[in-house]
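Report on the structure given below.
The values are calculated or read from the model by the stated rules, or taken from the named source; none is laboratory data. None of the values given here were measured: they were computed from a predicted structure. In this analysis, Cβ positions are derived from the backbone assuming ideal geometry, glycine residues included, and neighbour counts consider all displayed protein chains. For the accessible areas, the whole protein counts, side chains as well, though only heavy atoms, and no ligand, DNA or RNA atoms are used. Shrake-Rupley method; radii C 1.70, N 1.55, O 1.52, S 1.80 Å.
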Amino acid sequence: MIWNEEIECMPPDEMKKLQLKRLQDTVKRAYENVPYYKKRFDEEGIKPEDIKTLDDIQKLPLTTKDDLRAAYPFGMFAVPRREIVEVHTSSGTTGKPTVSGYTREDIKIWSEVMARGLTMFGLTEDDIIQNTHGYGLFTGGFGVHYGAQNIGATVIPISTGQTRRQIEIMKDFGTTVLIVTPSYGLYLAEVVEDEGFTKEDLSLKSIGFGAEMWTEEMRQELQKRFDAPAYNIYGLTEIMGPGIALECSEQDGLHVMEDHFYPEIIDSETTEVLGDGEKGELVLTTLTRHGMPIIRFRTKDVTSLKSETCPCGRSHRKIDRITGRTDDMLKIRGVAVFPSQIEKALLKMDGIEPHYQIIATRPQHLDELEVRVETSPQLFSDEVKELVGIKKKIEDLIHNEIGLRVQVTLVEPKTLPRSEGKAVRVIDKREL
Ligand code: DLL
């Protein structure tokens, strides 16, 4: 089933025409209403009228998360604040978050793109969808909710956590579609088994998962444990939330909602635009968003674009699943964490050497962070009781900085490996 056949199966040439028209409108609106864009375009000597073809997008400057952060909280809005009906923020806590604002029309578009995606997973008005994404400033909960309601499915807005209750509800309510992050999905599957349920107790027909990195092995495991196909959902707060690109029944790449978002792949070093199939950084431009148009946003997510026709019938180009980041951001239990934040917390402590290592693991499918920190020689000879106090203090400082509890291990001076080039700060054992 296709939710919006006219748009989703639109011939590529027609799509390009639509995209050009919408790009021109977006650039004009951004230039006229957002001081940041006016300034950037003026600096580069570009006027909205210079956008005559889709390729002219390459003349426009790239936007980064820092640019958005500098406009905190509402500086990127292109409409008066009273027209914004909802806001969300990015999950990370490095400095100020980025704020995303939506007009009523933007929310309608969000619910349209999510409805298309959920239809790809087989969701219809006869289904019961259990949404384990958090409802709040995170975009996951509401994005999925709007899409599912647009279709007319029955939504269980259970949000994150209460794992045993999740399973009870899945069984008692007869949940047919489950929405999870891949790591939470695997954790849920494990608790299902621990509680003595079998997959036959459940009525799942499909699973939608996203918001963090995953591997094909994780997908296979999810599918096996729940006996249902699992589909990838991609998105990010700055552009809208979930719904930018979603996987169809082919499970071979994610269709970008091209009538609303324009994708490019760039070489993250040179910023040169790359061709079909070439791996690089995904850059996205919103084509219809009114509240907060975003032009050429550097997502820092690594993927490639492909344009071949898809057996599912949809013509929208696909991106590959995200295979990495161009920066060192880690997503830990759904929260963006940068090593620099941990370093910042450590620098607030006396008696700590600037040598540390961050180790990410996933015991029982839930992310854990361990931070190994070298103490100074004088500290290390102190009493154990004091060391326990120091460890606790560092854990609190890091908690304050990133919003997550981590396990700190104090190690003897000069025991962490020294590197000759770039320090290896992060060891990700989650095998993503
Ligand atoms: O994670 C939006 C979302 C919610 C997507 C629910 C899917 C489902 P942020 O918190 O702003 O937004 O994080 C965006 O998460 O730049 C990627 O690095 C990563 N990410 C999101 N989806 C995927 C995915 C939401 N399917 C950042 N695969 C992005 C890999 C993903 N990474």
Open item on the list: Can you tell me how many residues within the stretch 368-397 are more than 22 Å from Lys331 (Cβ to Cβ) and without any contact (Cβ under 8 Å) to a residue 24 or more places away in the chain?
Closed with: 12
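Do we have Thr163 as in contact (Cβ under 8 Å) with a residue 24 or more places away in the chain and more than 16 Å from the ligand (Cβ to nearest atom) here?
yes
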TODO: Report yes if Ile352 is at pLDDT 90 or above and either out of contact with any Lys or Arg (no Cβ under 9 Å at 6 or more places or on another chain) or β-branched (Val, Ile, Thr) (or both), otherwise no.
DONE: no
TODO: Considering each residue of the stretch 234-248, count those that are open to solvent by 10 Å² or more (accessible area, probe 1.4 Å) and among the hydrophobic types (A, V, I, L, M, F, W, C), and give that number.
DONE: 1
Task: Output for the stretch 271-326, where each listed residue is closer than 27 Å to Val99 by Cα and among the hydrophobic types (A, V, I, L, M, F, W, C) - done: Leu282, Val283, Leu284, Leu287, Met292, Ile294, Ile295, Phe297, Val302, Ile319, Ile322
Task: Of all residues making up the stretch 264-301, the number that are more than 21 Å from Val87 (Cα to Cα), hydrophobic (A, V, I, L, M, F, W, C) and buried (at least 21 other Cβ atoms within 10 Å of the Cβ) - done: 3
Task: Residues located in the stretch 404-426, provided they are modelled with pLDDT of 90 or more, open to solvent by 60 Å² or more (accessible area, probe 1.4 Å) and closer than 19 Å to His355 by Cβ - done: Gln407
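For every residue, the table says whether it meets (1) within 21 Å of Asp66 (Cα to Cα); (2) among the acidic types (Asp, Glu).
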position: Val256; (1), (2): no, no
position: Ile265; (1), (2): yes, no
position: Glu269; (1), (2): yes, yes
position: Lys279; (1), (2): no, no
position: Leu282; (1), (2): yes, no
position: Thr285; (1), (2): yes, no
position: Thr288; (1), (2): no, no
position: Ile294; (1), (2): yes, no
Task: Cβ-Cβ under 6 Å pairs, at least 6 apart or on other chains, the stretch 135-158 side over 17 Å from Ala211 (Cα atoms) and assigned to a helix (DSSP H, G or I), far side open to solvent by less than 30 Å² (accessible area, probe 1.4 Å) and at pLDDT below 95 - done: none
Open item on the list: Condition first: crowded, with 20+ Cβ neighbours inside 10 Å and either within 14 Å of the ligand (Cβ to nearest atom) or more than 22 Å from Met15 (Cα to Cα) (or both). Now tell me which residues in the stretch 249-263 satisfy that.
Closed with: Gly253, Leu254, His255, Val256, Met257, Phe261, Pro263
Task: Any hit, the stretch 192-207, residues being modelled with pLDDT under 90, open to solvent by less than 60 Å² (accessible area, probe 1.4 Å) and acidic (Asp, Glu) - done: no
TODO: Can you confirm whether the stretch 75-83 contains a residue that is of a type in the set (A, V, I, L, M, F, W, C), more than 30 Å from Glu343 (Cα to Cα) and at pLDDT below 95?
DONE: no
Open item on the list: Regarding the stretch 264-279, can at least one residue be identified that is in contact with a strand residue (DSSP E or B) (Cβ under 9 Å, 6 or more places away or on another chain), under 24 Å from Gly334 (Cα atoms), within 15 Å of the ligand (Cβ to nearest atom) and part of a strand (DSSP E or B)?
Closed with: no
TODO: Within the stretch 292-341, track down each residue that is on the phi > 0 side of the Ramachandran plot and away from the ligand (no atom under 12 Å from the Cβ).
DONE: Arg296, Gly313
Task: Residue list for the stretch 117-134, filter: more than 17 Å from the chain's Cα centre (by Cα) and in a loop (DSSP other than H, G, I, E, B) - done: Phe121, Gly122, Leu123, Thr124, Glu125, Asp126, Asp127
Task: Leading residue by the ranking (nearest to the ligand (Cβ to nearest atom)) among those in the stretch 217-246 that are charged (D, E, K, R) and within 27 Å of Asp201 (Cβ to Cβ) - done: Arg219
